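To keep things clear, I will list the structure first and then write my remarks on it.
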Amino acid sequence: MRAMAITAYGGPDRLKLVELPIPTPGPDEVLIEITYTAVNPVDWKICAGQLKDRFPNVFPIIPGWDAAGTVKAVGTSVAKFSGGERVFAYCRKPTIQWGTYAEYVAMNAAHVALMPKNLSFAEAAAIPLTGLTAWQSLFDCACLDTGRTVLIHAGAGGVGGMAVAFAHHVGAKVYATASRANHDYVRARGATAVIDYTAEDFVAALKRLEPEGVDVVFDTVGDDVYRASFAAVKRGGLVVSIRNQPDEALNAKHGVRSGYVFVEPDGEELGAIAYLLEQGAIKPPAIEEMRLEDAAAALEKNRARHMRGKIVLRIR
Ligand SMILES: NC(=O)c1ccc[n+]([C@@H]2O[C@H](COP(=O)([O-])OP(=O)(O)OC[C@H]3O[C@@H](n4cnc5c(N)ncnc54)[C@H](OP(=O)(O)O)[C@@H]3O)[C@@H](O)[C@H]2O)c1
């Protein structure tokens, strides 16, 4: 099969088009013929070797954790699929080696869900990693619900864009940060007000709208933004981050709680997200299509950190 892979750590320019054998699905796995994959920041982090202490890395490494495609073969213990289904999945495995910048991936069937029928493969590929991250942060960690207030950082980004849509859908009052050019996009996804973080201090801007702060801040940016976020939360509220670990000193100083989420593959939750998309309750993000062979350029563009929505890579 064709795949984009690296044989040594470095920048995205290390990615080369290679021929590798089609994986054989194990008893619990399905073989997905991938039509589109998506680009996430973790992909250039993997190329740079930044996850090598967290998961075993085996060269050649095919990056990529999102897939939308068709089930081509099923393992002997799989009852959920029989072949031919249009599916999507967050394809993280215990070892970093066989990612989704490739024509095929073998994936645990429990992590795979039927694609929303109203979405193209390109639109569906943009959903799994970002959608599950937003879902697990807002609902599994923060228990966000109707009538609560939430500030979502990077509302135009991959994770932030899904989070704005989910939070609006459950009836929360949604504030988000984005640069000015993305404000209409973020409002259209469900934000009540969007703060231009490039023009003013986001805590001061939020406090004009919510003088006591919000119930929850969802931090997708990290570091200085993470630390400043504690002043934007009500006493007793929560900062949930996908970038920084909980900070006990900041919790004590501001009288709040903090949590960290590392997204887990979950076919059931992905199925719930698919249902909301199929019902039209939430919309897929904006997508920009590129070819698999242009993965290096796509990663460079993502690394600049100003994407609106997602880049998806066309594989077939
Ligand atoms: N822990 C986990 O499980 C997990 C899961 C997924 C992602 N992540 C990490 O979370 C981060 C975000 O991922 P992503 O896929 O959402 O990234 P992304 O799509 O590349 O984010 C791009 C967005 O970030 C915005 N942005 C940049 N600097 C900002 C700032 N200072 N304040 C507010 N917005 C800012 C940009 O907005 P403008 O263009 O409007 O400036 C752009 O829309 C990455 O570091 C990623 O590795 C972690």
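Could you grab the pairs with beta carbons closer than 8 Å, sequence gap of 6+ or different chains, first residue in region 289-316 and over 19 Å from residue 130 (Cα atoms) and in a strand (DSSP E or B), second one more than 16 Å from the ligand (Cβ to nearest atom) and open to solvent by 30 Å² or more (accessible area, probe 1.4 Å)? Taking only residues 6 or more apart or on different chains, the pairs are 291/314.
Of the strands (runs of 3 or more DSSP E) lying entirely inside region 1-114, those containing at least 1 residues that are among the charged types (D, E, K, R) are 2-5, 16-19, 29-38, 66-74, 86-90. Taken over region 9-29, the criterion of being free of Cβ contacts under 8 Å to residues at least 60 places away in the same chain and over 25 Å from the mean Cα position of the chain (by Cα) is satisfied by 18, 19, 21, 27. Within the option set 293, 268, 264, 300, being touching a Pro at 6+ places or on another chain (Cβ under 6 Å) and either over 23 Å from residue 180 (Cβ atoms) or of a type in the set (Lys, Arg) (or both) holds for one residue only, 300.
Number of residues in region 266-288 that are open to solvent by 30 Å² or more (accessible area, probe 1.4 Å), within 16 Å of the ligand (Cβ to nearest atom) and out of contact with any Phe, Trp or Tyr (no Cβ under 7 Å at 6 or more places or on another chain): the value is 4. The number of residues in region 145-158 that are outside any loop (DSSP other than H, G, I, E, B) and either surrounded by fewer than 24 Cβ atoms within 10 Å (Cβ to Cβ) or away from the ligand (no atom under 11 Å from the Cβ) (or both) comes to 2. Scanning region 206-215 for residues being assigned to a loop (DSSP other than H, G, I, E, B) and within 15 Å of the ligand (Cβ to nearest atom) gives a total of 0.
What do you reckon, is residue 203 more than 16 Å from residue 134 (Cβ to Cβ), without any contact (Cβ under 8 Å) to a residue 40 or more places away in the chain and within 13 Å of the ligand (Cβ to nearest atom)? Against the criterion (more than 16 Å from residue 134 (Cβ to Cβ), without any contact (Cβ under 8 Å) to a residue 40 or more places away in the chain and within 13 Å of the ligand (Cβ to nearest atom)), residue 203 qualifies. Among the conditions (1) more than 12 Å from the ligand (Cβ to nearest atom); (2) without any contact (Cβ under 8 Å) to a residue 60 or more places away in the chain, residue 197 misses just one, which is (1). Looking only at residues in region 227-240 that are open to solvent by less than 10 Å² (accessible area, probe 1.4 Å) and small (Gly, Ala, Ser), the one that is nearest to the ligand (Cβ to nearest atom) is 229. State whether the residues of region 216-226 include one that is more than 9 Å from the ligand (Cβ to nearest atom), open to solvent by 10 Å² or more (accessible area, probe 1.4 Å) and at negative phi. Among the residues of region 216-226, not one is more than 9 Å from the ligand (Cβ to nearest atom), open to solvent by 10 Å² or more (accessible area, probe 1.4 Å) and at negative phi, which makes the answer no.
The values are calculated or read from the model by the stated rules, or taken from the named source; none is laboratory data. Since the structure is predicted, the reported quantities are computational estimates derived from the model, not experimental observations. Here Cβ is always computed from backbone atoms with ideal geometry, including for glycine, and neighbour counts include all displayed protein chains. Heads up: the accessible areas ignore ligands, DNA and RNA and are worked out on the full protein's heavy atoms, side chains in. Shrake-Rupley method; radii C 1.70, N 1.55, O 1.52, S 1.80 Å.
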